[in-house]
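Pasting a structure below so you can have a look.
The values are calculated or read from the model by the stated rules, or taken from the named source; none is laboratory data. Values in this document were obtained by computation on a predicted structure and should not be read as measured data. Reconstructed Cβ throughout: ideal geometry from the backbone, glycine too, with neighbour counts over all protein chains shown. Heads up: the accessible areas ignore ligands, DNA and RNA and are worked out on the full protein's heavy atoms, side chains in. Shrake-Rupley method; radii C 1.70, N 1.55, O 1.52, S 1.80 Å.
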Amino acid sequence: MTTLAAGYRQDDLARQLEQGAVALGLELGRDAQARLLHHLELLEKWNRVHNLTAIRQGEKAVSAHLLDSLAILPHLGGSRFLDAGSGAGFPGIPLAVARPDIQIDLLDSNHKKCAFLRQAIAELGLKNARVVCERLESWRPAGQFDCIISRALAEIAEVIAWVKHLLAPGGVIAAMKGVHPFEEIERVPPEFRVRQVHALTVPGLGAERHLVLIERA
């Protein structure tokens, strides 16, 4: 009986994900959809012990985690990405699944979260993602990034201060926000400027979402 109920639940989540991706104008193959849902399964399992995220219901997680992450994809360019403060892997893992042509580093300073990210990457078989367990402001990798994404990390000015040494020439910082961050934008330091603010509609979320793209002035 439990297996049957779980099967129905997975079918519902798969349908929600597929329809949401279509609404976002994205083409997700069956393999990609299965990997994304497996990410949520792993998260649910780890959450019982480690409390990685407050959102625990499958339907909410599809919208608030998977579709929220995928909604930014049409607005991002480049091939080398950094998910700054990746946490449970959002948006980094969904981006890696949907875009196998990019390379993405998932950075977090929390060892528990990094352990989960490594497990997820291994189980999902992602060859284009790797985990970095470091602090943003002190990390000095060999190369820089075309696109640095922050989601619920900090104010835009703080994020810029932490990641500017990691940004490649011509690169962008993509700050994922809820309501339009007018006041945060006013505090962007003079050596940077806002290229564009995209209002996003995330299927099933029922909340405001904005993507702020920032570049060097």
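Could you check, for the range 119-133, whether at least one of its residues is assigned to a helix (DSSP H, G or I), within 19 Å of residue 209 (Cα to Cα), more than 11 Å from the chain's Cα centre (by Cα) and of a type in the set (S, T, N, Q)?
Looking for residues that are assigned to a helix (DSSP H, G or I), within 19 Å of residue 209 (Cα to Cα), more than 11 Å from the chain's Cα centre (by Cα) and of a type in the set (S, T, N, Q), one finds none in the range 119-133, hence no.
List the number of the failed condition for residue 108; all other conditions in (1) open to solvent by 30 Å² or more (accessible area, probe 1.4 Å); (2) in contact with a Gly (Cβ under 7 Å, 6 or more places away or on another chain); (3) not aromatic (Phe, Trp, Tyr) hold.
(1)
Moving to a separate point now. Tell me which residues, restricted to the range 169-205, are within 30 Å of residue 19 (Cβ to Cβ), in contact (Cβ under 8 Å) with a residue 40 or more places away in the chain and among the small types (Gly, Ala, Ser).
Across the range 169-205, the qualifying residues are 174, 204.
Yes or no, residue by residue, for (1) open to solvent by 10 Å² or more (accessible area, probe 1.4 Å); (2) assigned to a helix (DSSP H, G or I); (3) more than 23 Å from residue 214 (Cα to Cα):
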residue: 59; (1), (2), (3): yes, yes, yes
residue: 62; (1), (2), (3): no, yes, yes
residue: 68; (1), (2), (3): no, yes, no
residue: 77; (1), (2), (3): yes, no, no
residue: 82; (1), (2), (3): no, no, no
residue: 86; (1), (2), (3): no, no, no
residue: 89; (1), (2), (3): no, no, no
residue: 94; (1), (2), (3): no, yes, no
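While we're on this one: Give all pairs with beta carbons closer than 9 Å in which a residue from the range 144-160 that is farther than 20 Å from residue 209 by Cβ meets a residue that is open to solvent by 10 Å² or more (accessible area, probe 1.4 Å) and polar (S, T, N, Q); count only pairs at least 6 apart in sequence or on separate chains.
So the pair list comes out as 146/79.
So which residues in the range 159-217 are surrounded by 12 or more Cβ atoms within 10 Å (Cβ to Cβ) and among the small types (Gly, Ala, Ser), if there are any at all?
Selection gives 161, 168, 171, 174, 175, 204.
Let me ask something else. Could you list, ordered by first residue, the pairs with Cβ atoms under 9 Å in which the first is in the range 120-136 and more than 16 Å from residue 90 (Cβ to Cβ) and the second is among the β-branched types (Val, Ile, Thr) and surrounded by fewer than 21 Cβ atoms within 10 Å (Cβ to Cβ), at least 6 apart or interchain?
Within 9 Å, the pairs are 128/102.
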